[in-house]
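Asker: Dropping a structure here in structure tokens format, bear with me for questions.
The values are calculated or read from the model by the stated rules, or taken from the named source; none is laboratory data. On a predicted model such as this, the values are computed, not experimentally measured, just so you know. Backbone-built Cβ (ideal geometry, glycine too); neighbour counts: all protein chains shown. We work out accessible area using only protein heavy atoms, side chains counted, and drop any ligands, DNA or RNA first. Shrake-Rupley method; radii C 1.70, N 1.55, O 1.52, S 1.80 Å.
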Amino acid sequence: MNNANKTLRYLYFITLFFITLSGFAQMPIFSRYYIASLPGLGWLGEFYVSHRIHYIFAVILSGLAAYMLVDFFLGKMNSRKITRAGVAKAGIIAGLIITGSLMMVKNFTGTPFSNGVIIFLDVSHLVFCMGLLFLTAME
Amino acid sequence: MTNKISRRAFLKGSITAAGSVAATTSIARAAKSITKKETQPLATLIDISKCVGCEECVYACQEANAPKHPKPEKPFPKMYPSATVPVADWSGKQDVTDRLTPYNWLFIQHANLTINGEEIELNIPRRCMHCSNPPCVKLCPWGSAKQEDNGLSRIDSDLCLGGAKCKTVCPWDIPQRQTGTGLYLDLLPALAGNGVMYKCDRCYDKLEKGETPACIEACPEEVQTIGPRDGILKQARKLAKEMNGYIYGEHENGGTLTIYVSPVPFDQLAASVETGDGKPHLTEVKDMMADGNNIAKAMLVAPLAGVAAAVGKFYKYSKEDDNE
């Protein structure tokens, strides 16, 4: 693995860590269970702060995903392979980005989605996240 | 990346990259068109100078919304950790009218001021401001809080788990919790949730039937006027001009669907009213969703940057190959 790929890998895991943590912080659980009381983790109990952090890492993740996608297709002309687990992870990340992007659109003024769609997005985003964590843990 | 890339491969790669860019741009355009969807929000004008503080609106609200009020099951389940999950029980204090509670979604806030040596008392009907872009709705993790097509927001008591995030993110701390009721009782009552959050739903059920919200209907002084926001704002500005008064709610939290007009500046009112839990302030509020939404706009650029970086890398390698 060359240096550029190593850097990408580190960036991906850092992004995955913070986006997951800040994503779970959107639920009112970290203050309840004193996790936000731990030194350095107070931001997990601040909804607006964790929301912004989640967004920042979502932007990084979408940039990384676009890079990896195009890089893969360009490199595929040289017979680059992807494993089944890789396909599954790519699908889940695509699902996370699509549902997350739609949730971002939802957060602008206006009511573009029905409440049923919003609930579907909330739940599917969480399910995709759990799937990605499971696959990453299985590596 | 291997170093065997022909000009043809590069051309094919460029087409792929261009396709990705086009797809990303289409998504961005689609997202933009969705966010631009125009609806005519329903707003209320509250002329503070007219309110005599008779509380007719308060009792009308309680009566009209009594079927929606909580009916908690007792004893409440033990919740853990008890220090961070306090029991909120208003079932024995349903007659409280001097603050917001799960049973009282509207109250009259009093302000005593001295203006030009003259002592005056103003009465301010207070309830949910119904933000144009309500954080309670947008940041609820389960979609329990919802915004109707007319822009008014409400909390679905069948879905709410009582985590109170809506109250924490509300600039006025409006929603009020009742323990011992709602969906959490059927899930993990000891470990997650703590009842249901309640607030003014602007009598959505009456509005659906073409009726007027109970508080407006009951007011003997015609303090409130309801209508499309644009018209209400025009009316508020005209009224403010006539009384040499001031407006609150036009820009607060990016704009709300409750527009107050007062004969005295709101900073003076804000300093005069009693505030605290269930007694919201009247100070200026910045747009709480703005920072997040500004970051969200970068989502339109980030994929393009990723694509550009990948294409740049590919171009660099192909050029190196050509030079060999």
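Asker: Mind checking which residues of the range B:72-96 are farther than 27 Å from A:F30 by Cα and either crowded, with 20+ Cβ neighbours inside 10 Å or in contact with a Phe, Trp or Tyr (Cβ under 6 Å, 6 or more places away or on another chain) (or both)?
Answerer: B:Q94
Asker: If you check A:V105 against the conditions, is it in contact with a Pro (Cβ under 8 Å, 6 or more places away or on another chain) and closer than 27 Å to B:K146 by Cβ?
Answerer: Numbers: in contact with a Pro (Cβ under 8 Å, 6 or more places away or on another chain): yes; closer than 27 Å to B:K146 by Cβ: yes.
Considered against the rule, which asks whether it is in contact with a Pro (Cβ under 8 Å, 6 or more places away or on another chain) and closer than 27 Å to B:K146 by Cβ, A:V105 comes out as yes.
Asker: Select from the range B:168-192 the residues that are open to solvent by 60 Å² or more (accessible area, probe 1.4 Å) and either in a loop (DSSP other than H, G, I, E, B) or polar (S, T, N, Q) (or both) and list them in ascending order.
Answerer: Residues satisfying the conditions are B:T168, B:D173, B:L187, B:L188, B:L191.
Asker: Check B:D95 against each of (1) over 16 Å from the mean Cα position of the chain (by Cα); (2) part of a loop (DSSP other than H, G, I, E, B); (3) more than 30 Å from B:A271 (Cβ to Cβ) and name the one condition it does not meet.
Answerer: (3)
Asker: Return the residues of the range B:282-312 that are within 7 Å of another protein chain (Cβ to nearest Cβ) and over 38 Å from the mean Cα position of the chain (by Cα); say none if nothing qualifies. I'd like the intermediate steps shown before the answer.
Answerer: Step one: list which residues in the range B:282-312 are within 7 Å of another protein chain (Cβ to nearest Cβ), which gives B:288-289, B:291-293, B:295-296, B:298-299, B:302-303, B:305-307, B:309-311.
Within the range B:282-312, B:A309, B:A310, B:V311 meet the criteria.
Asker: Under the condition of being touching a helix residue (DSSP H, G or I) at 6+ places or on another chain (Cβ under 8 Å) and open to solvent by less than 30 Å² (accessible area, probe 1.4 Å), which residue from the range B:300-324 is farthest from B:A111 (Cα to Cα)?
Answerer: For the range B:300-324, the residue satisfying everything is B:S318.
Asker: Same structure, new question: Hey, could you check the range A:1-23 for residues that are aromatic (F, W, Y) and free of Cβ contacts under 8 Å to residues at least 40 places away in the same chain and say which is most open to solvent (accessible area, probe 1.4 Å)? It would help to see each step written out before you state the result.
Answerer: First, pick out the residues of the range A:1-23 that are aromatic (F, W, Y): A:10, A:12-13, A:17-18.
Filter again for free of Cβ contacts under 8 Å to residues at least 40 places away in the same chain, leaving A:10, A:13, A:17-18.
Working: A:Y10: 151, A:F13: 69, A:F17: 121, A:F18: 68 Å².
The qualifying residue most open to solvent (accessible area, probe 1.4 Å) is A:Y10.
Asker: What residue, among those in the range A:45-67 that are out of contact with any Leu (no Cβ under 7 Å at 6 or more places or on another chain) and more than 8 Å from chain B (Cβ to nearest Cβ), is most open to solvent (accessible area, probe 1.4 Å)?
Answerer: A:E46
Asker: Oh, and also: For the range B:269-292, how many residues are within 25 Å of A:H51 (Cβ to Cβ), free of Cβ contacts under 8 Å to residues at least 24 places away in the same chain and open to solvent by less than 40 Å² (accessible area, probe 1.4 Å)?
Answerer: Of the residues in the range B:269-292, 1 are within 25 Å of A:H51 (Cβ to Cβ), free of Cβ contacts under 8 Å to residues at least 24 places away in the same chain and open to solvent by less than 40 Å² (accessible area, probe 1.4 Å).
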